[in-house]
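Chemist: Below are the structure tokens for one structure; questions will follow.
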Amino acid sequence: MRLRHLLLAATLLGSVLPAQACRMTMALEQWPPYLYRDAQGNYTGLDLELLRAIFKEARCTLLSVPELPTARRQLLFQKGGLDLMLAASDTSERHAYARFSVSYRDEAVGIFGKAGTHAAQRHVGSFAQLARGKSTLLAPKVGWYGAQYAAARPALEKAGRLNTFGSFRQGIRMLDAGRADLLLGDVLAVRHEARLQGVALNTLPFLVLRAPVHLMLNARTTSSDDLARLNAAITHLEQRGVLAAIRNSYEAP
């Protein structure tokens with residue numbers, strides 16, 4: 001009888017205890033307009049707004065640590081020092097140490113020219129057509145910007161038609177100074193920096209890359225239940241139009 005009472009008490013107690021807390025830590029970074037510190041010193045940005053909405057819906061707690069360089073942030077994640085990374089591409093190699101949410105937005109890579117110059121370039125319909133032409137191009141030194149660019153890059157370099165930059169601030173300055181005819185880069189990041197510098201741009205009528213990005217969770221420090229909660233939150237927010245409204249407020253393509 002005593003054993004039955006103990007089992008019954010344990011069952012009742014378990015029914016009123018809260019589920020294990022859903023808490024995840026990420027490192028801050030400067031990646032405007034997705035995540036950055038504004039003039040008042042507050043962190044803001046498209047990805048941060050989306051993430052906060054998702055975590056609120058999932059009833060999870062988001063913790064943050066100070067900014068880290070990209071390489072150190074990635075290494076710390078792989079070693080289990082961080083639980084979450086933003087805007088990740090779901091690749092087979094990463095499945096060794098990570099799990100991925102459903103997509104919460106798309107990344108988009110476009111081609112831009114300075115307004116008022118080379119009007120004929122606005123009629124180029126593909127990156128392959130652009131690569132066959134004579135226009136010079138500015139592109140980021142590092143990062144994945146699509147298979148079309150990766151395939152064309154050696155020929156562009158050999159022809160002396162490609163220059164690279166380390167930041168979009170530098171890239172926009174180079175474009176404004178006439179260092180090349182066109183600039184390749186993340187659509188929102190390029191537009192954001194161009195507005196800051198007061199440089200008017202034309203956008204070529206095609207995207208070099210459009211692909212979904214995901215929340216990347218550390219497989220060692222998070223659970224499948226954590227992932228399920230975030231996936232359910234993303235799905236519910238998409239159905240209600242909440243995430244779309246946030247993306248639209250940033251004019252995301």
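The values are calculated or read from the model by the stated rules, or taken from the named source; none is laboratory data. Quick caveat, the model's predicted, so the values are computed rather than measured. Note: ideal-geometry Cβ built from the backbone for every residue, glycine included; neighbour counts use all protein chains shown. These area figures cover heavy atoms from the full protein model, side chains too; ligands, DNA and RNA do not enter into them. Shrake-Rupley method; radii C 1.70, N 1.55, O 1.52, S 1.80 Å.
Chemist: Not counting ligands, DNA or RNA, and with a 1.4 Å probe, what is Thr235's accessible surface area in Å² rounded to the nearest 10?
Modeler: 60 Å²
Chemist: Okay, moving on. Go ahead and estimate [θ] at 222 nm for the chain from helices alone: -39,500 (n - 2.57) per DSSP H run with n ≥ 4, summed, over the residue count, rounded to 500.
Modeler: -12000 deg cm²/dmol
Chemist: Taking DSSP loops as anything outside H, G, I, E and B, show the longest stretch in the chain free of GluC sites (Glu not before Pro) there with at most 16 other beta carbons within 10 Å.
Modeler: 68-250
Chemist: Okay, next question. Can you classify region 112-176 as rounded, prolate or oblate using the Cα gyration tensor, where a ≥ b ≥ c are the square roots of its eigenvalues, rounded means a/c under 1.5, and otherwise it's prolate if a/b beats b/c and oblate if not?
Modeler: oblate
Chemist: Quickly work out the Ser167-to-Ala151 label distance, labels modelled 7 Å from Cα along the C-beta direction, and quote it in nm with one decimal.
Modeler: Taking the simple label geometry, Ala151 and Ser167 are separated by 3.4 nm.
Chemist: Give me the angle, in degrees from 0 to 90, between the Cα long axis of helix 224-240 and the longest principal axis of the Cα atoms of the chain, rounded to the nearest 10.
Modeler: Rounded to the nearest ten degrees, it is 60.
Chemist: Please give me, ordered by residue number, the trypsin sites (Lys or Arg not before Pro) of region 172-238 that lie in loop per DSSP and have at most 16 other Cβ atoms within 10 Å.
Modeler: In loop regions of region 172-238 (DSSP not H, G, I, E or B), the sparsely surrounded trypsin sites (Lys or Arg not before Pro) are Arg179, Arg220.
Chemist: So, in nm, how far is label Val65 from label Ala232 when the simple model puts each one 7 Å beyond its Cα toward the Cβ?
Modeler: Here the modelled spin labels are 2.9 nm apart.
Chemist: Projecting each Cα onto the charge dipole of region 14-87 (Lys/Arg +1, Asp/Glu -1 at the beta carbon, about the Cα centre), which of Leu28, Phe55, Gly81 comes out farthest on the positive side?
Modeler: My answer, from the dipole projection, is Gly81.
Chemist: Just to confirm the filter: which chymotrypsin sites (Phe, Trp or Tyr not before Pro) across region 15-109 are DSSP coil and have at most 15 other Cβ within 10 angstrom of their Cβ?
Modeler: Within region 15-109, the qualifying chymotrypsin sites (Phe, Trp or Tyr not before Pro) (loop, at most 15 other Cβ atoms within 10 Å) are Tyr97.
Chemist: About the Cα centre of region 160-214, what is the dipole size in debye to 20, counting +1 per Lys and Arg Cβ and -1 per Asp and Glu Cβ, all else neutral?
Modeler: With only Lys, Arg, Asp and Glu charged at Cβ, the dipole is about 20 debye.
Chemist: Taking the Cα centre of each part, how many Å lie between region 35-111 and region 197-253?
Modeler: A separation of 10 Å, based on Cα centres.
Chemist: Between His123 and Lys56, how high is the FRET efficiency from 1/(1 + (r/R0)^6) when r is the Cβ-Cβ distance and R₀ = 45 Å? Nearest 0.05.
Modeler: 0.50
Chemist: Would you calculate the separation in nanometres between label points at Trp144 and Leu28, each defined as 7 Å from the Cα along the Cα-to-beta-carbon direction?
Modeler: 2.9 nm
Chemist: Between (1) 1.00; (2) 1.09; (3) 0.96, which matches Rg/Rh (Cα atoms, Kirkwood Rh) calculated for the structure shown?
Modeler: (2)
Chemist: Residue separation times 0.36 nm, minus the C-alpha to C-alpha distance between Arg195 and Met174: what's the value?
Modeler: Fully extending the segment from Arg195 to Met174 adds 6.1 nm.
Chemist: May I ask for the net charge around Val208, where only other residues with Cβ less than 14 Å from the Cβ of Val208 are counted and Lys, Arg are +1 while Asp, Glu are -1?
Modeler: Here the count lands on -1.
Chemist: Quick one: how many lysine pairs does the chain have with C-alpha atoms less than 29 Å apart and a gap of 8 or more or different chains? Give me the count, please.
Modeler: Counting lysine pairs in the chain gives 7.
Chemist: Through the Karplus equation 6.51 cos²θ - 1.76 cosθ + 1.60, θ set to phi - 60°, convert the phi angles of region 203-209 into ³J(HN,Hα) values in whole Hz; use x for Gly and Pro.
Modeler: After applying 6.51 cos²θ - 1.76 cosθ + 1.60, I find 10, 5, x, 7, 9, 6, 8 Hz.
Chemist: Taking 0.36 nm per intervening residue step and subtracting the Cα-Cα distance, what contour gain separates Val102 from Lys79 on full extension?
Modeler: Stretched out fully, the Val102 to Lys79 stretch lengthens by 5.9 nm.
Chemist: Return a whole-number percent for the relative contact order of the chain, with Cα pairs under 8 Å and 6 or more residues apart as the contact set.
Modeler: The value is 29 percent.
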